[in-house]
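Single-structure report; data block below.
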């Protein structure tokens, strides 16, 4: 091997590998119409439906704004938690993850690009929700865009950690969608994604009060509805961080690259 | 230099000893066949060499690396075709190749690889529209797109119809002409006989015989000579076919007769393989008795 070739080899273009994998992930996501529909369009559809059901004020703000904040929460969990968990189980069981491990693509680059790809999808979805809200109900854009972006990144990271943890315990690709939605849909109802929970029985509200989506929606409410900085919500941030770390630790110990079923 | 060196390799899953002390070496540029029935330990052995599993004991070198702690260029230099794996159903053949090509430092040209595996007509087809044989060729294509020195093929033709198998064999032969080292596992005897320079017969986690297909078939079993005499089939098994045949022939000539239906048959690899299996079953029967 010539000196030149060795030098090229040492200077691995890590960034180029990351960008290559990110583009690949985006291609895979948008090419699959079912995934693109359920993950990207579903929250938009729900917003239109719920927006036509509720009127007046929720939490002292116009209903479309409160619903928008709730659906940002649901959309984030749907994309980063449900979408990621289902994708990972399908890829693991079909042998794609195992196949990728035999290539020089580093696992950290793979996971990192998958997370960023998920975040891109959610960011587009959030933008679409805001545009839809403005067009249909005249809702405002976030007054503090930086804080809003920070809240979204925090939420997506927490739900992605919980999504990979959940993927670690799901055994079959066929069951993954059912299991994930069995977790997500009740969670969304209990935490107020689809409307206010004040009139719920106390024990249902108590369950909702320990779930991470509740605190993410609190964070979004504070930033979007009341114009606070994201750092003004230490309780929400602490609970989200606890859930995120738990998901991460569980993932590190339990995640598998190889199919469970043989 | 050896592409692969294995000695004293052991691996157990709980109480099941899948690999029980395996030794072999593979030369660079060699096509080496690991042959054995299901459950013989072929896939476990190969997955240890590929770096998927940790061994319990033994020494393993693959392209100079320990696959449990491979250096940075190990995965640049191997290509893997797994026994069962699927790819993204909605991407095209070319897109799938291009994604994998992007993982390697010095990949081969994507269209060249697609041509090599015979998928030119399907380059723009979605993966989900391919037949089983075409999907297997795609698997091979993405294993070759990084231009590896060593290719692992785990049962590459299982489930193929005869025509697809012959096409796959041609492709595997073309790997040899590219100078690649190939480790092939199969439970098809004819496949090993057709493709491999050397074959190791694996059974219950141990290698029971290693050699070229020709060596395996000459060392173990006797040659069979068959003919008909007075309408009766006669079968002679011998280690000295030349002498026996000469005796039979001169006796027949002396009687002024023809040796009707004369056949001389060297044992096939299949005969050797079945004989090895039969030995084992007899040994087991004795142990149980």
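When region B:48-66 is filtered for residues that are at the interface with another protein chain (Cβ under 9 Å from one of its Cβ atoms) and touching a residue at least 12 places away in the same chain (Cβ under 8 Å), the ones remaining, listed by number, are B:50, B:51.
Go through the residues of region B:205-217 one by one and say whether even a single one is on the phi > 0 side of the Ramachandran plot and touching a residue at least 60 places away in the same chain (Cβ under 8 Å). Yes, that holds for at least one residue.
For region B:178-253, list the strands (runs of 3 or more DSSP E) that sit wholly inside it and hold at least 2 residues that are crowded, with 17+ Cβ neighbours inside 10 Å; which are they?
B:181-186, B:198-203, B:206-211, B:223-229
The set of residues from region B:81-106 being modelled with pLDDT under 95, under 22 Å from residue B:174 (Cβ atoms) and more than 7 Å from chain A (Cβ to nearest Cβ) comprises B:81, B:83, B:106. Every listed requirement among (1) facing another protein chain (nearest Cβ under 10 Å); (2) without any contact (Cβ under 8 Å) to a residue 12 or more places away in the chain; (3) closer than 28 Å to residue A:180 by Cα is met by residue A:49 save one, (1).
Within region B:272-286, not a single residue is surrounded by 15 or more Cβ atoms within 10 Å (Cβ to Cβ) and at pLDDT 85 or above.
Can you confirm whether residue A:200 is modelled with pLDDT under 95 and within 16 Å of residue A:76 (Cα to Cα)?
no
Considering only region B:32-48, state which residues are surrounded by 24 or more Cβ atoms within 10 Å (Cβ to Cβ) and in contact with a helix residue (DSSP H, G or I) (Cβ under 9 Å, 6 or more places away or on another chain). Answer for region B:32-48, where residues must be surrounded by 24 or more Cβ atoms within 10 Å (Cβ to Cβ) and in contact with a helix residue (DSSP H, G or I) (Cβ under 9 Å, 6 or more places away or on another chain): B:33, B:34, B:35, B:36.
Under the condition of being in contact with a strand residue (DSSP E or B) (Cβ under 7 Å, 6 or more places away or on another chain) and surrounded by 18 or more Cβ atoms within 10 Å (Cβ to Cβ), the residues counted in region B:128-168 number 13. Picking from residues in region A:12-37 that are closer than 21 Å to residue A:78 by Cβ and crowded, with 19+ Cβ neighbours inside 10 Å, the one that is nearest to the other protein chains (Cβ to nearest Cβ) is A:28. Set side by side, the residues A:127, A:63, A:123 differ, and just one is touching a strand residue (DSSP E or B) at 6+ places or on another chain (Cβ under 7 Å), surrounded by fewer than 21 Cβ atoms within 10 Å (Cβ to Cβ) and away from chain B (no Cβ under 14 Å), which is A:63.
Of the residues A:83, A:70, A:56, the single one that is away from every other protein chain (no Cβ under 14 Å) and free of Cβ contacts under 8 Å to residues at least 24 places away in the same chain is A:56. Would you check if residue B:133 is at positive phi, in the same structural domain as residue B:172 (by TED's automatic domain parsing) and modelled with pLDDT under 90? Taking the combined requirement at face value, the residue does not satisfy it.
For region A:95-107, give me the residue count where each residue is within 9 Å of chain B (Cβ to nearest Cβ) and either in contact with a strand residue (DSSP E or B) (Cβ under 6 Å, 6 or more places away or on another chain) or more than 26 Å from residue A:125 (Cβ to Cβ) (or both). Total satisfying the criteria: 9. Screening the candidates B:22, B:110 for the property of being touching a helix residue (DSSP H, G or I) at 6+ places or on another chain (Cβ under 8 Å) and at pLDDT below 95 yields one hit, B:22.
May I ask you to verify whether residue A:92 is out of contact with any strand residue (DSSP E or B) (no Cβ under 8 Å at 6 or more places or on another chain), within 14 Å of another protein chain (Cβ to nearest Cβ) and closer than 30 Å to residue A:186 by Cα? For residue A:92, the condition - out of contact with any strand residue (DSSP E or B) (no Cβ under 8 Å at 6 or more places or on another chain), within 14 Å of another protein chain (Cβ to nearest Cβ) and closer than 30 Å to residue A:186 by Cα - is met.
Filtering region B:67-80 to residues that are more than 9 Å from every other protein chain (Cβ to nearest Cβ) and in contact with a helix residue (DSSP H, G or I) (Cβ under 9 Å, 6 or more places away or on another chain) leaves B:67, B:68.
The values are calculated or read from the model by the stated rules, or taken from the named source; none is laboratory data. Nothing here was measured: the structure is a model prediction, and the numbers come from that model. Cβ: placed from backbone, ideal geometry, glycine included. Neighbour counts: every protein chain shown.
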